[in-house]
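Values quoted throughout were computed directly from the atomic coordinates according to the rules given, and no laboratory measurement underlies them. Only a predicted model underlies this, so the values are computations on that prediction, with no experimental measurement involved. Virtual Cβ from ideal backbone geometry, glycine too; neighbours counted across all protein chains shown.
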C-alpha cells in the first residue's frame, strides 16, 4: 500500500540548525524537499541556505578521506573483525579535528601497507602465471633430464614440435647426425594432444652449429624466462619447478598478511566510511534548506504515522524552541509528494515485481497486494502438480535459508514458497502427481481432469479473466475518483457497464441467463455506448475491444497448463518404454526435472504478464516520486 504523507515545515533559530539537522539525520523519516515549492517562491525574505567557505572545505576533506578509505576497502578482503561499539557516535567524532587527524594518519599508514602487499602479490601472481605457460613443457622435459648423467662436456637444447609436424623428427635426427658425426641423443615426451617436447643432448662444442641449423629450418627452440635464460637447461628447469612451488607459498603468505590486516582494520575503516558518508550527506542536504537573517526553514514530507516521532524528538531536544508545522497539501503539490510503499510481511516479497516498473503515482493504488493474491493462484493453476509443488517448495526453502543475506534471492524464494503451496492445492484438485502417475496410486481429480476436460478448462480460464479484468476496471474507476478525473471516471464506468452487458447478452444467447433480460440489456447498451464515446473520445471503442482481447488472453492459463501435463505424461511414457526399471526411472526423472525447470520459467512469465499487460493497464498510474528519507547509513 502507498503510505499517507504529510507536508511539513520546520522553523527555528539559525544557531540551532546543526543540532536540528543532526536530529533529523538520526530519526531518518523526513524526505527533505529539494524542489522549491510554491510557498517558498512567494516568500521573498526566504533564500536558499549557502555553505560558508569552512563548510565547503570540510565537505571536500570528508570526501577525500572517504575515497581513500574506499580504496583501502577494495584492496582488503572483507573480514568480520571486532565489532565497533561506538559506531552510532562516530559521526560526532568525525567532526573533531583531533580525531580526524588521527583517522587521516591511520588511513595513510594502512593504505601504504595494503598497497605494498597487493603490489607484491601481483608481482608473484604475474611470475606464477608466466611459469604456468611453461608448466606442461617443464613437466615433460624434467623426467628426461633426470635420466641423464650430468657432465661438463654435455649441453642440452629443448625444442617443441606440433604433433601434426611429427614427421620432421627423423629429418632433424639425420641433419644433426651429419652436423655432429652422430654425437648426440634426442628424447621426446608428450606435452599435450597437440605438442611434443624434444630434448637434444650433445657436446658443448656442437651447440652453436645445431642452434644455427634449427634457426635455418625454422624449428622453435624452447625459450625460457629471462630470469633463467643464462642458466644451463637442466638447472633452469629445476629452478623454475622449485620457484613455482615457492611462489604459491609466497602468495599464500601475502594473502595471510592481507587477511590479518583486514581482520584488524576492515570493520573500523568501514565504520569510518559510513560516518563520513553521513557527514557528507548532512552537509550536502543543507543546500535544500532555507534561511533568513536569523532563522532557518526546512520543508519536507513525512509519513503520517511518523509525525509523532518527529514531534517527540524536537520537543525533547529543543523544548519548543523549534517549530514543526503541518502544511496543507494543495493540488499543485500532487507531483511532488513522494511515494513510500509499505506492505505486510507476507506481501512484501511481491514488491520484487514492482521494482522493474515506475512507482505508482501518489494517491493511486499500489498493485503489490493484487500481485500477491493472483500471481500464486495463476502459477499454481498452470503447474497444478503435487510432486512438482513439493519439489519447488523444498528448493525454495533451501535457497531462502542458504542465501538469506541476499534480498533478491530471499524475496524470490518467498514468492515461490507461497506459489508452491497453491501448486500443491491445485494438484489435488486436478488429481496430478508427476502427471497422470498420481492416478496409478489412487489419486483422483476432485474438481477437473485437465487432460480430458478441455472445454470446461477453457471456460474456467475465460471466467478467471472476466473476474480479473472486472476487478481492474473497478480499481480504475476508484483511481479516477481519487485523482478527481471526472471524464475518465465516467468513461471507465461506461466501459465496465458495457463489458458486463455484453457478457450478459452472451449468457442470454447461450440460454444460461433468462431471455427476459434481453430488452433491458440492449437499452442499457444503447445508452452506455454514446456516453463512453463522449467521455472517452473516439478511440474509446477501440479500447473497449481491447478489453475483450485482454479477457481472451487468460486462455494461456489453460494452454500452458496443458503443455505442462503433456510433458509430464511424455516423461512417464518414455520411462515406461525403457524395459529396465532403474533406467526407466532415471529417464523419467530427467524429463520431469526438465519440465520443472520449464515450469519455473514459463508459468512465472505468463502469470506476471497477465498482471502487467492485462490487469495493470486498467488502473495503474505510473509517475511516483521515490521517498528518500534523510537518514544515516544510506
Please give the helix 207-216 orientation as an angle from the longest Cα principal axis of the chain, in degrees from 0 to 90, rounded to the nearest 10.
50 degrees
Just one of [x] 262; [y] 199; [z] 305 is volume of the Cα convex hull per residue in Å³ calculated from these coordinates, so which is it?
[z]
Against the longest alpha carbon principal axis of the chain, how many degrees, from 0 to 90 and to the nearest 10, is the axis of helix 97-146 turned?
50 degrees
For residue 522 and residue 559, compute 0.36 nm times the residue count separating them, minus their Cα-Cα distance, and round to one decimal in nm.
9.9 nm
Relative contact order (percent, whole number), the chain, Cα cutoff 8 Å, 6+ residue spacing:
22 percent
Residues residue 168 and residue 446, FRET efficiency given R0 of 60 Å [Cβ-Cβ distance, rounded to 0.05]:
0.15
With label points set 7 Å from each Cα along the Cα-to-Cβ direction at residue 453 and residue 78, the distance between them in nm comes to 5.1 nm
Alpha-carbon gyration tensor eigenvalues x 5, square-rooted, for segment 368-618, Å
42, 23, 13
Just to verify a number: FRET efficiency for residue 112 and residue 57, C-beta to C-beta distance, R0 = 25 Å, to 0.05?
0.50
Ordering 405-418, 204-217 by per-residue average of other C-beta atoms within 10 angstrom, highest first, gives 405-418, 204-217
Rounded to the nearest 10 degrees, what's the angle between the helix 168-180 long axis and the longest principal axis of the chain, both from Cα atoms, 0 to 90?
30 degrees
Which distance in nm do the two modelled labels at residue 594 and residue 97 give, with both placed 7 Å along the Cα-to-Cβ direction?
7.5 nm
Roughly how many Å is it from the Cα centre of segment 306-365 to that of segment 398-423, as a whole number?
29 Å
Residue 252-residue 193 pseudo-label distance in nm [points 7 Å out on the Cα-to-Cβ vector]
3.3 nm
I need the peptides 300-307, 472-479, 594-601 ranked by packing, meaning the mean over residues of other C-beta atoms within 10 angstrom, with the highest value on top.
472-479, 300-307, 594-601
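Provide the gained length on full extension for the span residue 181 to residue 332, in nm with one decimal, where the gain is 0.36 nm per separating residue minus the Cα-Cα distance.
On the way: separation 151, 0.36 × 151 = 54.36 nm, distance 10.29 nm.
Between residue 181 and residue 332, full extension yields an extra 44.1 nm.
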Could you work out how much longer the chain between residue 463 and residue 421 gets when fully extended? Use 0.36 nm per residue separation minus the Cα distance between them, nm to one decimal.
12.9 nm
Computed FRET value (nearest 0.05) for residue 235 with residue 304, which takes r as the C-beta separation and R₀ as 56 Å:
0.10
